[in-house]
1. Looking for whichever is acidic (Asp, Glu) and closer than 14 Å to residue 225 by Cα here; the options are 33, 17, 26. Which one fits?
2. Pick out the one residue from 72, 62 that is under 27 Å from residue 162 (Cβ atoms) and among the charged types (D, E, K, R).
3. Could you count how many residues in region 49-76 are touching a residue at least 40 places away in the same chain (Cβ under 8 Å), at negative phi and assigned to a strand (DSSP E or B)?
4. Sort out which residues of region 166-186 are under 28 Å from residue 71 (Cα atoms) and at pLDDT below 95, and write them in order of number.
5. Kindly check whether there is at least one residue in region 29-36 that is of a type in the set (S, T, N, Q), part of a strand (DSSP E or B), under 18 Å from residue 73 (Cα atoms) and within 18 Å of the chain's Cα centre (by Cα).
6. So, in region 34-68, exactly how many residues are in contact with an Asp or Glu (Cβ under 8 Å, 6 or more places away or on another chain), over 19 Å from residue 203 (Cβ atoms), surrounded by 16 or more Cβ atoms within 10 Å (Cβ to Cβ) and of a type outside the set (A, V, I, L, M)?
7. Go through region 9-20 and give me each residue that's surrounded by fewer than 18 Cβ atoms within 10 Å (Cβ to Cβ) and within 16 Å of residue 59 (Cα to Cα).
8. Quick check: is even one residue across region 162-177 touching a Pro at 6+ places or on another chain (Cβ under 7 Å) and either closer than 25 Å to residue 51 by Cα or of a type in the set (Phe, Trp, Tyr) (or both)?
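The values are calculated or read from the model by the stated rules, or taken from the named source; none is laboratory data. Given the structure is predicted, the values throughout are model-derived calculations rather than measurements. Note that each Cβ is placed from the backbone with ideal geometry, even for glycine, and that neighbours are counted across all protein chains shown.
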Amino acid sequence: MTASTLLLDDITLTYPDGEGRLTALDAVSLSVDAGTVTACVGPSGSGKSSLLAVAATLVTPDSGRVEVAGTDTGALGPAEKAALRRDSIGIVFQQPNLLPSLTAAEQLQVMAHLAGRGPREARGRALELLAAVGLATEAHRRPHQLSGGQRQRVNIARALMNDPAVLLVDEPTSALDHERGAAILDLLLTLTRDRGTATVLVTHDHAHLERMDAVVTMADGRLSAARAVAG
């Protein structure tokens, strides 16, 4: 995959709040290069989830520019944004939200089917990704047969199924103990570098921030300038 970048330029996002409006994002700018992880930290309600929603093109900002994989999303209609999310953006939600009736491999194959891939290609890609996240022997298992850490690994593999340029990750370790959480962060760092994604990781876990390429802090809708961490 060619190098791609996520760019948010001077983003402002407000929501109705009684007779006025509440500012969720206030002139936020962020650039994330391919093959790097930018961690976003800050207290609850500071705007981190809004940042991810705008980056994912799930929410349209009041003003500013969002560029994903070289595409300015401002001129895109709903169908075009949906296609961009399907093809260029991987989203790892805080809760895996796996379909209970599907095996680990089938969770991934559904994503490939939506992208128009054939069954054989989809199966091969699913097994390749499950092996990459350490679940080669668990492809046939359903969610209730997997541990919390394993379900989150399926969640990550599913987000990578269509080879996205941008990976957006929301609190992936919140439901895991320290050891399993550290393993998930190890996996995300490795996959970002191996697959060249531009990754934004929202996290409350400060224990591993020194391993990220950059760290930004959200506070009252404002984003601090990114500070480089990894050398």
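1. 26
2. Among 72, 62, only 72 is under 27 Å from residue 162 (Cβ atoms) and among the charged types (D, E, K, R).
3. Residues meeting the conditions: 5.
4. Result: 170, 171, 172.
5. Yes, region 29-36 contains at least one residue that is of a type in the set (S, T, N, Q), part of a strand (DSSP E or B), under 18 Å from residue 73 (Cα atoms) and within 18 Å of the chain's Cα centre (by Cα).
6. Qualifying residue count for the region: 2.
7. Residues satisfying the conditions are 9, 10, 12, 14, 15, 16.
8. Taking every residue of region 162-177 in turn, none turns out to be touching a Pro at 6+ places or on another chain (Cβ under 7 Å) and either closer than 25 Å to residue 51 by Cα or of a type in the set (Phe, Trp, Tyr) (or both).
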